[in-house]
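Remarks on the structure that follows.
The values are calculated or read from the model by the stated rules, or taken from the named source; none is laboratory data. Bear in mind that the values here come from a model prediction, so they are computed numbers and not experimental data. Cβ atoms come from the backbone with ideal geometry, glycine included; neighbour counts cover every protein chain shown.
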Amino acid sequence: MIEQQLWHPVIASHQVREAPVACALLGQPLVLWREQGHDEHRVHAWADQCPHRGARLSLGRVLIGLHGARLECPYHGWQFGGAGRCQHVPAAPDFVPPPAHCANVFEAQERHGLVWVRLRPPAAQPLAAGLSEPPAFAPGDDPAWRTVLCGPYELNTSAPRLVENFLDLSHFGFVHEGWLGERGHAQVQTGTVEEGVDGAGLVVRDARAWQPRAYAGADEGAWIAYRYEVPHPFAAVLRKDATAGDPVSNAIALVIRPDGHELCTAWFVMATQGDTSTDQELIAFQDAVFAQDRPVVESQTPRALPIGRSAPVTEVHGPADRVSSAYRRYLNRLGIALGTC
Ligand code: FES
Ligand SMILES: [Fe+2]
(Lines give C-alpha, C1' and ligand atoms only; values in the text may rest on other atoms or scores of the structure.)
(Ligands and ions follow the chains in the order given, each with its own letter.)
Protein backbone atom coordinates (compact mmCIF):
# COMPACT_ATOMS: atom_id res chain seq x y z
CA MET A 1 0.00 0.00 0.00
CA ILE A 2 1.67 3.20 -1.15
CA GLU A 3 -0.05 5.23 1.60
CA GLN A 4 2.09 3.50 4.23
CA GLN A 5 5.24 4.50 2.36
CA LEU A 6 4.40 8.20 2.47
CA TRP A 7 5.16 10.68 5.23
CA HIS A 8 2.05 11.88 7.04
CA PRO A 9 1.57 14.59 9.68
CA VAL A 10 0.30 13.02 12.90
CA ILE A 11 0.28 15.72 15.59
CA ALA A 12 1.47 19.29 16.26
CA SER A 13 5.04 19.31 17.59
CA HIS A 14 4.09 21.41 20.62
CA GLN A 15 1.73 18.66 21.80
CA VAL A 16 4.63 16.27 22.35
CA ARG A 17 6.32 17.49 25.53
CA GLU A 18 7.50 15.71 28.67
CA ALA A 19 4.88 12.94 28.64
CA PRO A 20 4.32 10.34 25.92
CA VAL A 21 1.27 10.94 23.72
CA ALA A 22 -1.01 8.44 21.99
CA CYS A 23 -1.98 8.96 18.38
CA ALA A 24 -2.84 6.77 15.37
CA LEU A 25 -1.90 6.72 11.73
CA LEU A 26 -3.62 4.55 9.11
CA GLY A 27 -4.99 2.31 11.84
CA GLN A 28 -1.62 1.93 13.56
CA PRO A 29 -1.72 3.09 17.21
CA LEU A 30 1.37 5.17 17.93
CA VAL A 31 3.14 6.48 21.00
CA LEU A 32 5.01 9.73 20.42
CA TRP A 33 7.63 10.87 22.86
CA ARG A 34 10.45 13.33 22.99
CA GLU A 35 14.05 13.04 24.17
CA GLN A 36 14.64 16.16 26.22
CA GLY A 37 18.41 16.41 26.42
CA HIS A 38 20.66 19.50 26.47
CA ASP A 39 20.37 20.02 22.77
CA GLU A 40 18.45 16.89 21.95
CA HIS A 41 14.73 17.21 21.33
CA ARG A 42 14.29 14.28 19.02
CA VAL A 43 10.82 12.98 18.62
CA HIS A 44 10.12 9.24 18.42
CA ALA A 45 7.12 7.40 17.00
CA TRP A 46 6.71 3.76 18.01
CA ALA A 47 3.90 1.25 17.93
CA ASP A 48 1.86 1.91 21.08
CA GLN A 49 2.36 -1.63 22.30
CA CYS A 50 5.03 -2.91 24.65
CA PRO A 51 6.94 -5.87 23.15
CA HIS A 52 6.77 -7.58 26.58
CA ARG A 53 3.04 -8.01 27.30
CA GLY A 54 1.40 -5.57 24.96
CA ALA A 55 0.58 -2.72 27.35
CA ARG A 56 0.16 0.73 25.87
CA LEU A 57 3.49 2.53 26.09
CA SER A 58 1.68 5.88 25.89
CA LEU A 59 0.48 5.24 29.47
CA GLY A 60 4.10 5.14 30.59
CA ARG A 61 6.53 7.98 31.21
CA VAL A 62 9.77 9.43 29.92
CA LEU A 63 12.77 9.01 32.23
CA ILE A 64 15.75 11.29 31.94
CA GLY A 65 18.95 9.91 33.45
CA LEU A 66 22.68 9.59 33.00
CA HIS A 67 22.04 7.12 30.21
CA GLY A 68 19.90 9.62 28.30
CA ALA A 69 16.14 9.50 27.79
CA ARG A 70 14.15 6.30 28.00
CA LEU A 71 10.51 5.42 27.71
CA GLU A 72 9.25 3.39 30.65
CA CYS A 73 6.39 0.95 30.14
CA PRO A 74 3.53 1.46 32.64
CA TYR A 75 3.14 -2.28 33.32
CA HIS A 76 6.46 -3.83 34.44
CA GLY A 77 8.63 -0.77 34.05
CA TRP A 78 10.81 -2.02 31.22
CA GLN A 79 12.89 0.87 29.90
CA PHE A 80 13.43 1.48 26.20
CA GLY A 81 16.13 3.73 24.72
CA GLY A 82 15.68 6.07 21.75
CA ALA A 83 16.42 3.35 19.19
CA GLY A 84 13.65 1.21 20.71
CA ARG A 85 15.92 -1.38 22.39
CA CYS A 86 15.03 -2.47 25.89
CA GLN A 87 17.82 -1.30 28.21
CA HIS A 88 16.57 -2.33 31.62
CA VAL A 89 14.16 -4.86 33.15
CA PRO A 90 13.59 -3.79 36.78
CA ALA A 91 12.40 -7.25 37.90
CA ALA A 92 15.65 -8.80 36.66
CA PRO A 93 18.25 -6.00 36.87
CA ASP A 94 21.17 -8.19 35.78
CA PHE A 95 19.43 -9.39 32.66
CA VAL A 96 20.87 -7.98 29.43
CA PRO A 97 17.95 -7.72 27.01
CA PRO A 98 18.72 -9.14 23.57
CA PRO A 99 18.03 -7.16 20.37
CA ALA A 100 14.63 -8.78 19.93
CA HIS A 101 13.45 -7.01 23.09
CA CYS A 102 12.71 -3.95 21.06
CA ALA A 103 9.78 -1.62 20.46
CA ASN A 104 8.41 -1.39 16.95
CA VAL A 105 10.02 1.85 15.76
CA PHE A 106 8.81 4.02 12.88
CA GLU A 107 10.61 6.85 11.14
CA ALA A 108 9.65 10.25 12.56
CA GLN A 109 10.75 13.83 11.94
CA GLU A 110 9.49 17.34 12.57
CA ARG A 111 8.60 19.76 9.80
CA HIS A 112 6.45 22.89 9.65
CA GLY A 113 5.53 22.60 13.35
CA LEU A 114 4.20 19.06 12.97
CA VAL A 115 5.49 15.57 13.63
CA TRP A 116 5.60 13.48 10.44
CA VAL A 117 5.69 9.69 10.46
CA ARG A 118 6.28 7.06 7.79
CA LEU A 119 5.10 3.56 8.62
CA ARG A 120 7.16 1.73 6.01
CA PRO A 121 10.26 2.53 4.01
CA PRO A 122 9.57 2.72 0.27
CA ALA A 123 9.25 -0.67 -1.40
CA ALA A 124 11.42 -1.84 -4.26
CA GLN A 125 9.67 0.45 -6.70
CA PRO A 126 11.01 3.94 -5.94
CA LEU A 127 8.58 6.69 -5.08
CA ALA A 128 8.49 9.87 -7.12
CA ALA A 129 11.31 12.16 -6.00
CA GLY A 130 9.21 14.58 -4.00
CA LEU A 131 7.53 11.89 -1.91
CA SER A 132 10.56 10.46 -0.13
CA GLU A 133 10.45 13.31 2.43
CA PRO A 134 7.61 15.29 4.03
CA PRO A 135 6.47 17.89 1.50
CA ALA A 136 8.66 20.98 1.43
CA PHE A 137 6.97 24.21 0.63
CA ALA A 138 8.41 27.61 0.01
CA PRO A 139 8.56 29.70 2.07
CA GLY A 140 7.61 27.34 4.88
CA ASP A 141 11.15 27.17 6.25
CA ASP A 142 12.17 30.76 5.52
CA PRO A 143 12.56 32.65 8.83
CA ALA A 144 11.75 35.94 7.06
CA TRP A 145 8.16 34.70 6.93
CA ARG A 146 5.92 34.33 9.94
CA THR A 147 4.50 30.85 10.25
CA VAL A 148 1.30 30.02 12.11
CA LEU A 149 -0.19 26.58 12.54
CA CYS A 150 -4.00 26.29 12.41
CA GLY A 151 -5.92 23.21 13.44
CA PRO A 152 -6.28 20.33 13.99
CA TYR A 153 -9.61 20.07 12.18
CA GLU A 154 -11.17 16.63 12.40
CA LEU A 155 -13.44 15.98 9.49
CA ASN A 156 -15.96 13.35 8.46
CA THR A 157 -14.71 12.98 4.94
CA SER A 158 -11.74 11.62 3.04
CA ALA A 159 -8.45 13.46 2.73
CA PRO A 160 -8.81 13.64 -1.10
CA ARG A 161 -12.22 15.35 -0.83
CA LEU A 162 -10.63 17.98 1.39
CA VAL A 163 -7.64 18.53 -0.91
CA GLU A 164 -9.98 18.92 -3.85
CA ASN A 165 -11.99 21.50 -1.91
CA PHE A 166 -8.80 23.43 -1.23
CA LEU A 167 -7.92 23.44 -4.94
CA ASP A 168 -11.39 24.56 -5.97
CA LEU A 169 -11.73 28.31 -6.55
CA SER A 170 -15.27 28.12 -7.90
CA HIS A 171 -16.90 27.53 -4.51
CA PHE A 172 -15.59 30.81 -3.05
CA GLY A 173 -18.55 32.97 -4.15
CA PHE A 174 -21.03 30.60 -2.51
CA VAL A 175 -19.46 28.90 0.49
CA HIS A 176 -17.31 31.90 1.43
CA GLU A 177 -19.54 34.69 0.20
CA GLY A 178 -18.33 38.02 1.53
CA TRP A 179 -15.09 36.45 2.74
CA LEU A 180 -13.22 34.83 -0.14
CA GLY A 181 -15.70 35.45 -2.96
CA GLU A 182 -18.92 36.98 -4.17
CA ARG A 183 -21.86 35.48 -6.02
CA GLY A 184 -21.81 38.35 -8.51
CA HIS A 185 -18.13 37.66 -9.27
CA ALA A 186 -18.29 33.88 -9.40
CA GLN A 187 -16.31 33.43 -12.61
CA VAL A 188 -12.80 32.04 -12.12
CA GLN A 189 -9.77 31.45 -14.29
CA THR A 190 -8.19 28.06 -13.68
CA GLY A 191 -4.78 29.20 -14.99
CA THR A 192 -2.26 26.78 -16.43
CA VAL A 193 -2.10 23.31 -14.98
CA GLU A 194 1.16 21.39 -15.15
CA GLU A 195 0.87 17.74 -14.35
CA GLY A 196 4.13 16.28 -13.22
CA VAL A 197 5.27 13.07 -14.78
CA ASP A 198 5.75 9.90 -12.73
CA GLY A 199 3.63 11.10 -9.86
CA ALA A 200 5.57 14.31 -9.29
CA GLY A 201 2.39 16.24 -8.53
CA LEU A 202 0.69 19.34 -9.86
CA VAL A 203 1.53 22.97 -10.26
CA VAL A 204 -1.17 25.50 -11.15
CA ARG A 205 -0.09 29.00 -12.15
CA ASP A 206 -2.13 32.15 -12.58
CA ALA A 207 -5.41 30.85 -11.26
CA ARG A 208 -7.61 33.87 -10.56
CA ALA A 209 -10.65 34.59 -8.44
CA TRP A 210 -12.37 37.73 -7.21
CA GLN A 211 -11.97 38.22 -3.52
CA PRO A 212 -13.84 40.76 -1.42
CA ARG A 213 -11.56 40.15 1.55
CA ALA A 214 -8.54 38.25 0.44
CA TYR A 215 -6.68 38.15 3.72
CA ALA A 216 -7.20 39.00 7.36
CA GLY A 217 -7.13 42.80 7.50
CA ALA A 218 -8.08 43.42 3.85
CA ASP A 219 -10.93 45.87 3.34
CA GLU A 220 -11.63 45.96 -0.39
CA GLY A 221 -12.08 43.44 -3.19
CA ALA A 222 -9.75 42.52 -6.05
CA TRP A 223 -8.91 39.86 -8.61
CA ILE A 224 -6.28 37.74 -6.95
CA ALA A 225 -3.79 35.50 -8.72
CA TYR A 226 -2.87 32.25 -7.04
CA ARG A 227 -0.39 29.54 -7.53
CA TYR A 228 -1.23 26.06 -6.31
CA GLU A 229 1.00 23.09 -5.79
CA VAL A 230 0.12 19.54 -4.92
CA PRO A 231 3.38 18.00 -3.72
CA HIS A 232 1.78 15.00 -1.97
CA PRO A 233 -1.54 13.21 -2.47
CA PHE A 234 -2.83 14.57 0.86
CA ALA A 235 -1.27 18.04 0.86
CA ALA A 236 -1.62 21.20 -1.19
CA VAL A 237 -0.13 24.67 -1.06
CA LEU A 238 -1.76 27.91 -2.16
CA ARG A 239 0.45 30.91 -2.66
CA LYS A 240 -0.45 34.50 -3.22
CA ASP A 241 2.32 37.06 -3.68
CA ALA A 242 2.18 40.73 -2.73
CA THR A 243 1.32 43.13 -5.55
CA ALA A 244 1.46 46.92 -5.93
CA GLY A 245 -1.91 47.35 -4.20
CA ASP A 246 -1.64 44.56 -1.69
CA PRO A 247 1.29 44.28 0.72
CA VAL A 248 0.54 40.79 1.90
CA SER A 249 2.18 37.59 0.67
CA ASN A 250 0.65 34.35 1.86
CA ALA A 251 1.44 30.72 1.44
CA ILE A 252 -1.02 28.32 3.01
CA ALA A 253 -0.27 24.64 3.12
CA LEU A 254 -3.07 22.19 3.81
CA VAL A 255 -1.65 19.01 5.27
CA ILE A 256 -3.82 16.07 6.24
CA ARG A 257 -3.56 12.95 8.31
CA PRO A 258 -5.79 10.37 6.66
CA ASP A 259 -7.60 8.59 9.49
CA GLY A 260 -9.56 6.21 7.31
CA HIS A 261 -11.51 5.98 4.13
CA GLU A 262 -13.98 8.66 5.24
CA LEU A 263 -12.19 10.42 8.07
CA CYS A 264 -9.26 12.78 8.26
CA THR A 265 -7.55 15.41 10.39
CA ALA A 266 -6.22 18.58 8.78
CA TRP A 267 -3.90 21.45 9.65
CA PHE A 268 -3.08 24.62 7.78
CA VAL A 269 0.47 25.90 7.92
CA MET A 270 0.18 29.60 7.10
CA ALA A 271 3.27 31.57 6.15
CA THR A 272 2.80 35.30 5.78
CA GLN A 273 4.78 38.40 5.07
CA GLY A 274 3.44 41.93 5.38
CA ASP A 275 0.31 40.97 7.29
CA THR A 276 -0.16 43.02 10.45
CA SER A 277 -2.76 40.67 11.97
CA THR A 278 -1.80 38.85 15.13
CA ASP A 279 -1.32 35.08 15.13
CA GLN A 280 -4.63 34.77 16.97
CA GLU A 281 -6.40 36.81 14.29
CA LEU A 282 -4.92 34.69 11.51
CA ILE A 283 -6.04 31.52 13.28
CA ALA A 284 -9.51 32.95 13.92
CA PHE A 285 -9.83 33.85 10.20
CA GLN A 286 -8.77 30.36 9.12
CA ASP A 287 -11.10 28.76 11.68
CA ALA A 288 -13.99 30.86 10.35
CA VAL A 289 -13.26 29.99 6.71
CA PHE A 290 -12.93 26.32 7.56
CA ALA A 291 -16.21 26.38 9.48
CA GLN A 292 -17.83 27.55 6.22
CA ASP A 293 -16.31 24.64 4.25
CA ARG A 294 -17.05 21.94 6.80
CA PRO A 295 -20.83 21.40 6.37
CA VAL A 296 -20.59 21.35 2.58
CA VAL A 297 -17.56 19.10 2.39
CA GLU A 298 -18.98 16.69 4.98
CA SER A 299 -22.22 16.60 2.96
CA GLN A 300 -20.55 15.30 -0.20
CA THR A 301 -21.33 11.72 -1.11
CA PRO A 302 -19.57 9.47 -1.54
CA ARG A 303 -17.06 10.68 1.00
CA ALA A 304 -14.34 8.87 -0.92
CA LEU A 305 -13.31 10.84 -4.00
CA PRO A 306 -14.49 9.22 -7.25
CA ILE A 307 -11.40 8.85 -9.39
CA GLY A 308 -12.67 5.89 -11.38
CA ARG A 309 -10.60 3.36 -9.48
CA SER A 310 -13.17 0.76 -8.59
CA ALA A 311 -16.36 2.13 -10.10
CA PRO A 312 -17.19 4.28 -13.08
CA VAL A 313 -16.87 7.93 -12.15
CA THR A 314 -20.36 9.22 -11.57
CA GLU A 315 -19.61 12.90 -11.13
CA VAL A 316 -19.78 15.36 -14.00
CA HIS A 317 -17.35 18.20 -14.58
CA GLY A 318 -17.47 21.79 -15.76
CA PRO A 319 -14.74 23.89 -17.41
CA ALA A 320 -13.75 25.39 -14.03
CA ASP A 321 -12.92 21.90 -12.71
CA ARG A 322 -9.70 21.41 -14.64
CA VAL A 323 -7.56 21.47 -11.51
CA SER A 324 -9.67 18.93 -9.68
CA SER A 325 -9.64 16.65 -12.70
CA ALA A 326 -5.84 16.90 -12.80
CA TYR A 327 -5.73 16.08 -9.08
CA ARG A 328 -7.87 12.98 -9.63
CA ARG A 329 -5.53 11.84 -12.41
CA TYR A 330 -2.57 12.39 -10.06
CA LEU A 331 -4.13 10.15 -7.38
CA ASN A 332 -4.78 7.56 -10.03
CA ARG A 333 -1.21 7.64 -11.30
CA LEU A 334 0.11 7.14 -7.76
CA GLY A 335 -2.33 4.32 -7.06
CA ILE A 336 -3.89 6.02 -4.01
CA ALA A 337 -6.66 3.77 -2.71
CA LEU A 338 -7.32 5.38 0.68
CA GLY A 339 -10.18 7.85 0.43
CA THR A 340 -10.82 7.21 -3.26
CA CYS A 341 -13.23 5.05 -5.19
S1 FES B 1 4.08 -5.05 29.29
FE2 FES B 1 5.55 -3.52 29.15
S3 FES B 1 6.96 -4.02 30.66
FE4 FES B 1 5.58 -5.66 30.68
FE1 LIG C 1 -13.41 26.66 0.97
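What to note about this one:
- Top-ranked residue of the stretch 23-50 - restricted to ones that are of a type in the set (A, V, I, L, M, F, W, C) and in a loop (DSSP other than H, G, I, E, B), ranked as surrounded by the fewest Cβ atoms within 10 Å (Cβ to Cβ): LEU26
- Residue match in the stretch 1-11 (condition: in contact with a Pro (Cβ under 8 Å, 6 or more places away or on another chain), of a type outside the set (Gly, Ala, Ser), under 16 Å from GLN109 (Cβ atoms) and part of a helix (DSSP H, G or I)): yes
- Residue in the stretch 108-117 that is acidic (Asp, Glu), over 29 Å from SER324 (Cα atoms) and part of a strand (DSSP E or B) present: yes
- Failed criterion for ARG53 (all others in (1) within 24 Å of the chain's Cα centre (by Cα); (2) loosely packed, with under 15 Cβ neighbours inside 10 Å; (3) at pLDDT 95 or above hold): (1)
- Residues being within 16 Å of ligand 2 (Cβ to nearest atom) and exposed (fewer than 15 other Cβ atoms within 10 Å of the Cβ) - total across the stretch 299-311: 1
- A residue that is in a loop (DSSP other than H, G, I, E, B), under 12 Å from VAL323 (Cα atoms) and at pLDDT below 95 occurs somewhere in the stretch 195-215.
- Residue pairs meeting the criteria (Cβ under 7 Å; at least 6 apart or on separate chains; first assigned by TED's automatic domain parsing to the domain that holds PHE80, in the stretch 47-63; second among the aromatic types (Phe, Trp, Tyr) and crowded, with 19+ Cβ neighbours inside 10 Å): CYS50/TRP78; HIS52/TRP78; LEU57/TRP46; VAL62/TRP33
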